[in-house]
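Colleague: Please read through the structure below; I'll follow up with questions.
The values are calculated or read from the model by the stated rules, or taken from the named source; none is laboratory data. Every value quoted in this text rests on a predicted model; they were computed, and no experiment measured them. Cβ placement follows ideal geometry from the backbone for every residue including glycine, while neighbour counts extend to all protein chains displayed. Note: accessible area is taken over every heavy atom of the protein model, side chains too, but ligands, DNA and RNA are not part of it. Shrake-Rupley method; radii C 1.70, N 1.55, O 1.52, S 1.80 Å.
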Amino acid sequence: MMSQRSHLTDSEAWRVDGRIWNRFLQTESAGQRPEQGRRRATMPNEVRYLVLTARKHRNMNATLLQKHLRSATGTMVSTQTVRNQVHGVGLYARRPTVCVRLTSRHRCDRREWAKEHVNWRRNEWSNFLFSDETRFSVHPDNRRIFIWRDRGSRNNPAFVHERVRFGDGGVFVYGGISIDGCTDLHIIRVGPLIARRYRDEILRPIVVPYAAAIGDDLILMDDNCRPHRANLLEDFFFEEGIVRMEWPACSPDMNPI
């Protein structure tokens, strides 16, 4: 030690040697003393087991990881310790990105629609009204799904969940937007939205006055759900002079509303 740390003075070197000798007499070892502080709750191999389990089972929450660790190694730790250890390698519990389930036909139609409209100017979009109905939950969602993923991997296809239907229960509302403004938000009362209700509760009191305010021939964008494609609506649109935009199926993410 004196040869490696030649910058020590003689008195300092003697003190260092004395401490090492006293430690050897007390513990029969000249190694470093155990670190002060609380003992580690998990060993490196247990942390490695937690990380590998979280990567293999992305939907497993901290409580299940805690149980798996206990059954595999006999070590009992808190769920917060599990989170801390998994966070230490960059894994965090996040909601997965949700997208529409698309077939090859859907993808082809969406691509063609985008190519057709990619060079449109503002004046060409001025008389378009984009509309949609959506459902907002009024109660906390206890069925939320979280996955363990690294930062920056939100759009990784492995972590994206495809769904055909979105949400159940809550408040059902309708709205429309255009370049120059938006319609009032309409709450759709209890019951299914059939074509007659769509015409009498939404199109006639909301869309038709909005079309009159625009002044030009209104082009309405709506999705392809069955109530929007009923025969009685075709006659209604013809009478009111409203044109319906051709819209690719399964494209809520392309709707600017």
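Colleague: Restricting to the range 228-255, count the residues that are of a type outside the set (A, V, I, L, M) and closer than 22 Å to Trp113 by Cβ. Reasoning before the result, please.
Modeller: Of all residues in the range 228-255, those of a type outside the set (A, V, I, L, M) come to 228-229, 231, 234-241, 244, 246-248, 250-253, 255.
Narrowing the set further to residues that are closer than 22 Å to Trp113 by Cβ leaves 228-229, 234, 237, 244, 246-248, 250-253, 255.
Counting residues in the range 228-255 that are of a type outside the set (A, V, I, L, M) and closer than 22 Å to Trp113 by Cβ gives 13.
Colleague: If you don't mind, another one. List, please: which pairs have Cβ atoms under 6 Å, are six or more places apart or on different chains, and start with a residue in the range 223-235 that is without any contact (Cβ under 8 Å) to a residue 40 or more places away in the chain and open to solvent by 60 Å² or more (accessible area, probe 1.4 Å) and end with one that is outside any helix (DSSP H, G or I) and of a type in the set (S, T, N, Q)?
Modeller: Taking only residues 6 or more apart or on different chains, not a single pair turns up.
Colleague: Further, regarding this structure: In the range 176-218, how many are in contact (Cβ under 8 Å) with a residue 40 or more places away in the chain and out of contact with any Cys (no Cβ under 7 Å at 6 or more places or on another chain)?
Modeller: Just the residues of the range 176-218 that are in contact (Cβ under 8 Å) with a residue 40 or more places away in the chain, to begin with: 176-180, 183, 188, 193, 207, 210-211, 214, 216-218.
Adding the requirement that they be out of contact with any Cys (no Cβ under 7 Å at 6 or more places or on another chain) leaves 177-180, 183, 188, 193, 207, 210-211, 214, 216-218.
Residues that pass the stated criteria total 14.
Colleague: Which of (1) at pLDDT 85 or above; (2) open to solvent by less than 80 Å² (accessible area, probe 1.4 Å); (3) closer than 20 Å to Asp222 by Cβ is the odd one out, the single condition Glu116 does not satisfy?
Modeller: Result: Glu116 passes all but (2).
Colleague: Here's a follow-up. If Val77 meets every condition in (1) part of a helix (DSSP H, G or I); (2) crowded, with 17+ Cβ neighbours inside 10 Å apart from one, which number is that one?
Modeller: Going through (1) part of a helix (DSSP H, G or I); (2) crowded, with 17+ Cβ neighbours inside 10 Å one by one, Val77 breaks only (1).
Colleague: Let me ask something additional. Scan the range 238-251 residue by residue and report those that are under 37 Å from the mean Cα position of the chain (by Cα) and open to solvent by less than 70 Å² (accessible area, probe 1.4 Å).
Modeller: Here is the first cut: in the range 238-251, the residues under 37 Å from the mean Cα position of the chain (by Cα) are 242-251.
Matches in the range 238-251: Ile242, Arg244, Met245, Trp247, Pro248, Ala249, Cys250, Ser251.
Colleague: Test each condition in (1) at pLDDT below 85; (2) over 18 Å from Glu124 (Cα atoms); (3) assigned to a loop (DSSP other than H, G, I, E, B); (4) not small (Gly, Ala, Ser) for Phe172 and report the one that comes out false.
Modeller: (3)
Colleague: Any idea which of Asp200, Asp235, Asp216 is more than 27 Å from the chain's Cα centre (by Cα), in a helix (DSSP H, G or I) and modelled with pLDDT under 90?
Modeller: Details: Asp200 fails: modelled with pLDDT under 90; Asp216 fails: in a helix (DSSP H, G or I).
Criteria check complete, one pass: Asp235.
Colleague: Answer yes or no: is there a residue in the range 92-108 that is in a loop (DSSP other than H, G, I, E, B) and charged (D, E, K, R). Talk me through it step by step, then tell me what you get.
Modeller: Narrowing the range 92-108 to residues in a loop (DSSP other than H, G, I, E, B): 95-96, 101-103.
Those still in the list that are charged (D, E, K, R) too: 95, 101.
Among the residues of the range 92-108, at least one is in a loop (DSSP other than H, G, I, E, B) and charged (D, E, K, R), which makes the answer yes.
Colleague: Can you name the residue in the range 150-161 that is in a strand (DSSP E or B) and in contact with a strand residue (DSSP E or B) (Cβ under 6 Å, 6 or more places away or on another chain) and is also modelled with the highest pLDDT among such residues?
Modeller: At the first step, the residues of the range 150-161 found to be in a strand (DSSP E or B) are 150, 160-161.
Right, trim to in contact with a strand residue (DSSP E or B) (Cβ under 6 Å, 6 or more places away or on another chain) and you get 160-161.
Values: Val160: 81, His161: 78.
The extreme case among them is Val160.
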